[in-house]
1. Within region 96-116, take every residue that is in a helix (DSSP H, G or I) and touching a strand residue (DSSP E or B) at 6+ places or on another chain (Cβ under 7 Å) and give me the one that is modelled with the highest pLDDT.
2. Among the residues of region 9-19, are any modelled with pLDDT under 95 and touching a strand residue (DSSP E or B) at 6+ places or on another chain (Cβ under 8 Å)?
3. Which pairs do you get when a residue that is open to solvent by less than 10 Å² (accessible area, probe 1.4 Å), found in region 70-87, comes within reach of a residue that is not aliphatic (A, V, I, L, M), reach meaning Cβ atoms under 7 angstrom, with the pair 6+ apart or on two chains?
4. Do the conditions hold for residue 95, that is, is it of a type in the set (A, V, I, L, M, F, W, C) and exposed (fewer than 15 other Cβ atoms within 10 Å of the Cβ)?
5. Going residue by residue through region 98-116, is there one that turns out to be small (Gly, Ala, Ser), farther than 20 Å from residue 7 by Cα, open to solvent by 30 Å² or more (accessible area, probe 1.4 Å) and free of Cβ contacts under 8 Å to residues at least 24 places away in the same chain?
Amino acid sequence: MDRAEEIMQELKTVCDGLGLPVEVDRRFPVTADPQSEGAPDDMPLIVLRTGAEEADEPNFKAWDFRWKMSPFVVFFLQDRQNPDALRNQANALWLSFLAGLKSSRVPKLLTRNTAPVLARDIQPMAGRPDVVMMVVSMELSFER
């Protein structure tokens with residue numbers, strides 16, 4: 001198995017451990033339109049995206065050895081009763097995701113002396129005050 005595939009498999013395991021449905025590279029976008037596939041009835045939901053992959057080393061001799069991938073995870077959360085609680089739910093999931101990532105094999109699969117670069121953004125879904133999206137983007141260096 002390719003190293004990038006191993007990392008994605010580990011990220012899926014981390015997401016599975018959060019207790020919400022997980023889809024990898026979902027074909028349909030999650031939308032606010034209740035008539036479309038991907039409507040809010042699918043929530044809560046975690047979507048893990050493979051993202052981009054590129055050579056991480058400008059050195060001509062090593063360009064095919066060291067790589068960088070940019071997967072991201074989108075958490076879709078809904079609370080019709082108490083939309084104000086969504087931020088707390090997102091924060092709890094963030095902490096659980098970080099703990100799962102740290103205890104997973106992902107750090108061991110990365111290039112030695114590198115750490116995952118993570119960014120998080122919480123935003124409401126347009127037209128749906130009862131739904132938030134938390135996007136966790138990653139930059140991971142690995143060797144093939």
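1. Of the residues in region 96-116, the ones in a helix (DSSP H, G or I) are 96-103, 106-109.
Those still in the list that are touching a strand residue (DSSP E or B) at 6+ places or on another chain (Cβ under 7 Å) too: 97, 109.
On the way: 97: 98, 109: 95.
Step by step, filter region 96-116, then rank; the result is 97.
2. No, region 9-19 contains no residue that is modelled with pLDDT under 95 and touching a strand residue (DSSP E or B) at 6+ places or on another chain (Cβ under 8 Å).
3. 71/49; 71/50; 71/51; 73/15; 77/44; 77/89; 86/79
4. Values: of a type in the set (A, V, I, L, M, F, W, C): yes; exposed (fewer than 15 other Cβ atoms within 10 Å of the Cβ): yes.
Taking the combined requirement at face value, the residue satisfies it.
5. Within region 98-116, not a single residue is small (Gly, Ala, Ser), farther than 20 Å from residue 7 by Cα, open to solvent by 30 Å² or more (accessible area, probe 1.4 Å) and free of Cβ contacts under 8 Å to residues at least 24 places away in the same chain.
The values are calculated or read from the model by the stated rules, or taken from the named source; none is laboratory data. A quick note: this is a predicted structure, and the numbers were derived from the prediction, not measured. Glycine also receives a Cβ, built like all others from the backbone with ideal geometry; neighbour counts cover every protein chain displayed. Surface areas here come from the heavy atoms of the whole protein model, side chains and all, with no ligands, DNA or RNA. Shrake-Rupley method; radii C 1.70, N 1.55, O 1.52, S 1.80 Å.
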